[in-house]
Amino acid sequence: MKVRIYFKFKGRIIVLSPITAQWDWLFILYATIGSIVGAIVIGFLIYSSIKYKAKGEREPKDAPSLGKIPAERGTMKVAFVLTLIVAGILFTITLGTMQTVDLIEKPPKGSLTIEVHAYQWGWKFIYPNGKQVVGELRVPKNEVITFKVTSDDVFHNFGLIEFKVKGDAIKGKINTIWIKPSQAGVYTIQCFELCGIGHSWMKGKMIVMEPEDFDRWYAE
Ligand SMILES: [Cu+2]
């Protein structure tokens, strides 16, 4: 599958990582289909309530009544076409969701793998060369970074807000998430699982650096 790293809008990079782009695409897909269906339903409701406004009689003669099998109304053709449309919509959003899950769950090979240890209440990061940092994570730009997320005590959730990725941190278990940051900067790490009194302060920083700056820091 071709992975889109980011897309540009008026010369500006507005998406940070492949998964971020995928999420945005999926959101637009759901929002577009939802808006079209919503507009049709609400439009038809307004149209019908005006057109069929009661003029004296309260119900049409062929309205279904309690204890009686309703008389057939409409045509099979309409039911068939509507079923096809609904099936098509469900198929499209299912496919889009599966594609997204697939992208999230399969990090590209050859990445920098960092262990993430969540604890009450903070974050510890262990790099492949044994380097350890607490609270402040540093990663190079334009490289695939894979996080092996786990917990040293209760359940936590490692979330990179701007990148739209999260991973459950569970003791004895490793969950994998990945990013490929396209822009240097400082980003927010936040715990997304209520984990005790310090939960809301369980934040960290992720600093995306230019590769050469990162290499210098990493070798220190
Ligand atoms: Cu936590």
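The values are calculated or read from the model by the stated rules, or taken from the named source; none is laboratory data. Since this is a predicted model, take the numbers as computed values, not measurements. For neighbour counting, all protein chains shown are included, and Cβ atoms are generated from backbone atoms with ideal geometry for every residue, glycine included.
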Take Ile179 and tell me if it is surrounded by fewer than 18 Cβ atoms within 10 Å (Cβ to Cβ) and of a type in the set (A, V, I, L, M, F, W, C). no
I'd like to check something: does region 198-210 contain any residue that is touching a Pro at 6+ places or on another chain (Cβ under 7 Å) and either of a type in the set (Gly, Ala, Ser) or assigned to a loop (DSSP other than H, G, I, E, B) (or both)? no
Give region 179-201 a look and list any residue that's over 24 Å from Pro108 (Cβ atoms), within 16 Å of the ligand (Cβ to nearest atom) and either of a type in the set (A, V, I, L, M, F, W, C) or without any contact (Cβ under 8 Å) to a residue 12 or more places away in the chain (or both), or say none. Cys191, Phe192, Leu194, Cys195, Ile197, Ser200, Trp201
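For every residue, the table says whether it meets (1) within 15 Å of the ligand (Cβ to nearest atom); (2) at pLDDT below 95.
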| residue | (1), (2) |
| --- | --- |
| Val116 | yes, no |
| Gln120 | yes, yes |
| Asn129 | no, yes |
| Glu143 | no, yes |
| Thr146 | no, yes |
| Asp152 | yes, yes |
Please tell me if Gly204 is out of contact with any Leu (no Cβ under 9 Å at 6 or more places or on another chain) and within 11 Å of the ligand (Cβ to nearest atom). no
Matching entry among Pro60, Pro70, Pro107, Pro64 (being in contact with a Ser or Thr (Cβ under 6 Å, 6 or more places away or on another chain) and either free of Cβ contacts under 8 Å to residues at least 60 places away in the same chain or of a type outside the set (S, T, N, Q) (or both)): Pro107
